[in-house]
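Below you'll find the structure, written out as C-alpha cells, and then a few comments.
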Amino acid sequence: MPRLPLVTERLALFATLLATFGELHPACDHCIQGSKTASRKRMYGEDLVHADGTPATEDSTRPTMTTGTLGRRAVACHVASYTAVQLAATIGITRAFGYRVTPAALLAGAAINASTHAAIDRGALLLWLAKKTGKTGYIEHCQTVRMDDDGTLTREINGPGTAWMELDAALHRAIGIGGAAVTTWLTTRPGAR
C-alpha cells in the first residue's frame, strides 16, 4: 500500500473513523438495540425480579435478581452489540478502502466508546453531567407523553422525543471524537506497524 503523507493519512483516517462511529450510533441505539434492553438499562434498586423483568414473589421458583442487576445486564447486552457493530464496520470500511487499523488501536477506540456508552446509558452519569452543566431544566422541560395499551397517558423523561435522548446522543458523538482521535494516533504513531 503506498503511504500518504502522515498528516493526510491521519486526517483521512480520523474522518473515516469519526463518520463511522458517529453515524452508527443512531442505528445501534434505535435499530439493533432491543426494546426490552432499552427499557431495562436504567433500572436500579434492590427489588427482586425475574430475568424477564417481572416482580418476584417469596414463593418464586424461577431464578431472581435485583432490578439493579437486570439494569446492568441490559446495558451490557446493548454495549456488546454496539461494540460488535462498531468494530465490524470499522474493519470493513477501512479494509474496503485498502487500509488496516492496528488491532491495539481498534480495541482502544472500541474500549473508549464501549465504557463511556455503558456509563452514559445507565443514566446516573448523564444526570450528573446535566446537573453540573445546568441542563436539568432542559431535561425536565422536554419530556414526552406516551399512551399505554389501555389508553393511560404517562410522562416519559428519557425516551424518543426527549431532551435526555438529545443529550445522550450529543455525549456519545462528542466521545466518538476522542475514540477516533486515539484510534488514529495509535495506528499512525511511529513504529505502530
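The values are calculated or read from the model by the stated rules, or taken from the named source; none is laboratory data. Since the model is a prediction, treat every value here as computed from it, not as a measurement. Positions of Cβ are generated from backbone atoms using ideal geometry, with glycine treated the same way; all protein chains shown enter the neighbour counts. Ligands, DNA and RNA are excluded from the accessible area calculation, which covers all protein heavy atoms including side chains. Shrake-Rupley method; radii C 1.70, N 1.55, O 1.52, S 1.80 Å.
The set of residues from the range 161-193 being touching a residue at least 60 places away in the same chain (Cβ under 8 Å) and in a loop (DSSP other than H, G, I, E, B) comprises ALA192, ARG193.
Just a yes or no: is a residue in the range 45-65 of a type in the set (Ser, Thr, Tyr) and closer than 21 Å to LEU125 by Cα? No, the range 45-65 has no match at all.
Among the residues making up the range 63-115, a single one is more than 20 Å from CYS31 (Cα to Cα), β-branched (Val, Ile, Thr) and within 14 Å of the chain's Cα centre (by Cα): ILE112.
Can you tell which of ALA88, ALA74 is at pLDDT 95 or above, part of a helix (DSSP H, G or I) and buried (at least 18 other Cβ atoms within 10 Å of the Cβ)?
ALA74
Screening the range 147-160 for residues that are out of contact with any Leu (no Cβ under 7 Å at 6 or more places or on another chain) and in a strand (DSSP E or B) and picking the one that is farthest from ALA124 (Cα to Cα) gives LEU153.
Among what's in the range 133-179 and is more than 19 Å from ALA119 (Cβ to Cβ) and among the charged types (D, E, K, R), pick the residue that is least open to solvent (accessible area, probe 1.4 Å). My answer is GLU156. Each residue in the range 1-28 was checked for being without any contact (Cβ under 8 Å) to a residue 40 or more places away in the chain, of a type outside the set (Gly, Ala, Ser) and surrounded by 12 or more Cβ atoms within 10 Å (Cβ to Cβ), and 3 of them qualify. Residues of the range 91-105 that are surrounded by fewer than 16 Cβ atoms within 10 Å (Cβ to Cβ) and either among the small types (Gly, Ala, Ser) or in contact with an Asp or Glu (Cβ under 7 Å, 6 or more places away or on another chain) (or both): GLY92, ALA96, GLY98, ALA104.
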